[in-house]
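Quick notes on the structure that follows.
The values are calculated or read from the model by the stated rules, or taken from the named source; none is laboratory data. Here the structure is a predicted model, which means the values were calculated and not measured. Cβ: placed from backbone, ideal geometry, glycine included. Neighbour counts: every protein chain shown.
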Amino acid sequence: MSDPYETTEQHLDRLLRRALNSFDLPDWTVEQLGTALAHSSSLHSSHHSSVLHRETYQHTYLLADGSALTLWELVHSTARGAADPPSRRQPVLQHHELYDDEADVQVAAARLSGNFSDVPVFGEDGSQADLETLTVLMAAPPAPLPRMYAPDNSADHARRVLRRAENNNGPGEETARLLRAAFAHHITQIFGRQCRVDGRDAGFSLYEHAFLLLDGSETSLWEVEHTATPDGRHMCEVYGDEKTAREAMESRTRIC
């Protein structure tokens with residue numbers, strides 16, 4: 001993947017420019033990368049199926065102070081209209097995402113597989129039945145799982161989740177202030193499904209970002225990721241409670 005004639009500065013600039021979520025990287029990480037002297041890239045993992053191509057790359061940088069810093073790049077593309085005749089197939093576009101934590105890129109990779117590979121697709125006929133099935137699935141309570149809180153720059157993680165939200169009815173400044181006291185967090189995928197609405201595939205995922213605060217209390221952000229957008233791109237919405245997040249998913253199925 002590396003270009004032997006490409007400098008570390010050029011390599012890093014290329015990574016940041018093509019990543020859809022480069023603005024999510026912490027300011028400290030970007031500042032440190034500005035001192036990179038050399039780099040090494042390698043393929044970490046890959047997954048290929050008839051509907052999803054996904055690769056994860058590890059980019060390690062040697063910094064001026066002698067330390068190393070790693071970026072994890074997720075490269076993925078979905079084969080839209082794979083069952084259609086060649087004349088009607090849409091071009092396959094590659095998407096790039098960057099993370100500074102291996103756990104985050106693993107969650108992102110699982111999101112893709114859950115939406116497009118590991119779950120069945122509802123039938124094309126009977127869209128109302130599809131909607132009813134999706135509603136039932138979303139209403140089903142998830143099996144309780146023990147939370148394993150990890151103290152890993154959790155306040156910054158909360159800031160990034162809130163910043164990437166594209167909905168206007170999400171948690172406000174009061175929640176943002178409360179989460180500045182977060183010192184550990186746990187991410188759980190509550191729901192993941194792909195359905196066919198109005199003749200298009202749309203993937204939905206619901207994540208709970210649970211935070212442990214300095215006073216011992218807990219609070220959560222509920223993140224909805226979906227492709228129910230006109231161009232099929234991923235969209236992120238964040239809500240303060242699970243009920244509102246599930247209602248948002250259901251409303252999206254009705255306007256696809």
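Observations, loosely collected:
- One residue stands out in segment 37-62 among those that are free of Cβ contacts under 8 Å to residues at least 24 places away in the same chain and surrounded by 16 or more Cβ atoms within 10 Å (Cβ to Cβ): the one that is farthest from residue 103 (Cα to Cα), namely 55.
- A residue that is within 14 Å of the chain's Cα centre (by Cα), modelled with pLDDT of 90 or more and either in the same structural domain as residue 95 (by TED's automatic domain parsing) or of a type in the set (A, V, I, L, M, F, W, C) (or both) can be found somewhere in segment 237-252.
- Test: residue in segment 131-148 that is modelled with pLDDT of 80 or more and touching a Ser or Thr at 6+ places or on another chain (Cβ under 7 Å): no
- Hey, residue 104 charged (D, E, K, R), more than 25 Å from residue 235 (Cβ to Cβ) and either at pLDDT 75 or above or assigned to a loop (DSSP other than H, G, I, E, B) (or both) or not: no
- Among (1) at pLDDT below 75; (2) surrounded by fewer than 17 Cβ atoms within 10 Å (Cβ to Cβ); (3) touching a strand residue (DSSP E or B) at 6+ places or on another chain (Cβ under 9 Å); (4) under 25 Å from residue 234 (Cα atoms) - the single one residue 2 does not satisfy: (4)
- Test: residue in segment 158-180 that is within 17 Å of the chain's Cα centre (by Cα), at pLDDT 85 or above and assigned to a strand (DSSP E or B): no
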